[in-house]
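S.K.: This is the structure I want to talk about, given as structure tokens.
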Amino acid sequence: MFSQLSDRLQDVFKDLRGHGTISETNIDSALRQVRLALLEADVDFQVAKKIIAGVREKAIGEAVLRSITPGQQIVKIFHEELTALLGGDAAPLKLDEPRRILLIGLNGAGKTTSAAKLANLLKKQGRESTLIACDLQRPAAIDQLATLGKQIDVPVFTPDPNEKNVQRAAAAALAWQDRSAFAGAAARQAIFRFVRWYRW
């Protein structure tokens, strides 16, 4: 999902950077394509509208239209608006006590890779974590998580191949985590790579 959005935005901005000068018409056309790309990536309509309005307001300014690199300026404005919408500066992950982190998202959104990256980040911070595969609909996702866990040297719970009940699989994972001796209870973090979130 993010890679498709990224590709679409790159195409829009590449076209915009190709113009020697930029007019309001160019900006409106590009922002229309950006709005479509955001909506196709399941960004909420009101959020997409807010981003586009903020970018348009700043992009229509005379400083941008007369800028030496107007296409670059618009890309910069879009980046700033998106960053502000997502909360501005990055905040550190605060995990003072054992926590369970649940990753839920659309199929193909990057949950498995994100879970492994998060476990690796925690490992680099000196925290021990466990990856728990609970996507019982896609055995390949379970295998992928097991492979990634092995690559970063983080334990991975994989449910019984015949298990079809997510709650039983999660309960078994927690029981397995409590029995295992690889981490002290105070330092352990569990990262669930959970079921897909279906679009209806």
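The values are calculated or read from the model by the stated rules, or taken from the named source; none is laboratory data. Predicted model only: the values in this text are computed from it and were never measured. Using ideal geometry, Cβ is built from the backbone for each residue, glycine included, and neighbour counts are taken over all protein chains shown.
S.K.: I need the full set of residues from segment 124-157 which are of a type in the set (A, V, I, L, M) and under 20 Å from Arg100 (Cβ atoms), in order please.
M.R.: Within segment 124-157, Leu131, Ile132, Ala133, Leu136, Ala141, Ile142, Leu145, Ala146, Leu148, Ile152, Val154, Val156 qualify.
S.K.: Oh, and also: Can you tell me which residue is surrounded by the fewest Cβ atoms within 10 Å (Cβ to Cβ) among those in segment 106-117 that are more than 10 Å from the chain's Cα centre (by Cα) and in contact (Cβ under 8 Å) with a residue 60 or more places away in the chain?
M.R.: So, considering only residues that are more than 10 Å from the chain's Cα centre (by Cα) and in contact (Cβ under 8 Å) with a residue 60 or more places away in the chain, the one surrounded by the fewest Cβ atoms within 10 Å (Cβ to Cβ) is Gly108.
S.K.: For Arg138, only one of the following conditions fails: (1) under 21 Å from Lys117 (Cα atoms); (2) surrounded by 17 or more Cβ atoms within 10 Å (Cβ to Cβ); (3) of a type outside the set (Val, Ile, Thr). What is its number?
M.R.: For Arg138, the failing item is (2).
Table: residues versus (1) surrounded by fewer than 19 Cβ atoms within 10 Å (Cβ to Cβ); (2) free of Cβ contacts under 8 Å to residues at least 24 places away in the same chain; (3) aromatic (Phe, Trp, Tyr); (4) more than 30 Å from Lys49 (Cα to Cα).
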position: Leu82; (1), (2), (3), (4): yes, no, no, no
position: Glu97; (1), (2), (3), (4): yes, no, no, yes
position: Ile104; (1), (2), (3), (4): yes, no, no, no
position: Thr147; (1), (2), (3), (4): yes, yes, no, yes
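S.K.: Now a separate question. Looking at segment 62-80 only, could you name the residues that are farther than 19 Å from Arg35 by Cβ and at pLDDT below 70?
M.R.: Of everything in segment 62-80, those that are farther than 19 Å from Arg35 by Cβ and at pLDDT below 70 turn out to be Glu62, Ala63, Leu65, Arg66, Ser67, Ile68, Thr69, Pro70.
S.K.: How about segment 175-188: which of its residues are at pLDDT 60 or above and surrounded by 16 or more Cβ atoms within 10 Å (Cβ to Cβ)?
M.R.: Gln177
S.K.: Here's a follow-up. Give the residues of segment 111-148 that are acidic (Asp, Glu) and over 21 Å from Pro161 (Cα atoms), sorted by residue number.
M.R.: Hit for segment 111-148 is Glu128, nothing else.
S.K.: Just to be sure, is Leu118 outside any helix (DSSP H, G or I), closer than 30 Å to Arg8 by Cβ and out of contact with any helix residue (DSSP H, G or I) (no Cβ under 6 Å at 6 or more places or on another chain)?
M.R.: no
S.K.: Here's another thing I want to ask about it. Got a sec? Which of Arg35, Arg8 is modelled with pLDDT of 80 or more and either part of a loop (DSSP other than H, G, I, E, B) or not hydroxyl-bearing (Ser, Thr, Tyr) (or both)?
M.R.: Just one listed residue meets the conditions, Arg35.
S.K.: So, of the residues in segment 149-171 that are aliphatic (A, V, I, L, M) and in contact with a Phe, Trp or Tyr (Cβ under 8 Å, 6 or more places away or on another chain), which turns out to be surrounded by the most Cβ atoms within 10 Å (Cβ to Cβ)?
M.R.: In this case the residue turns out to be Ala170.
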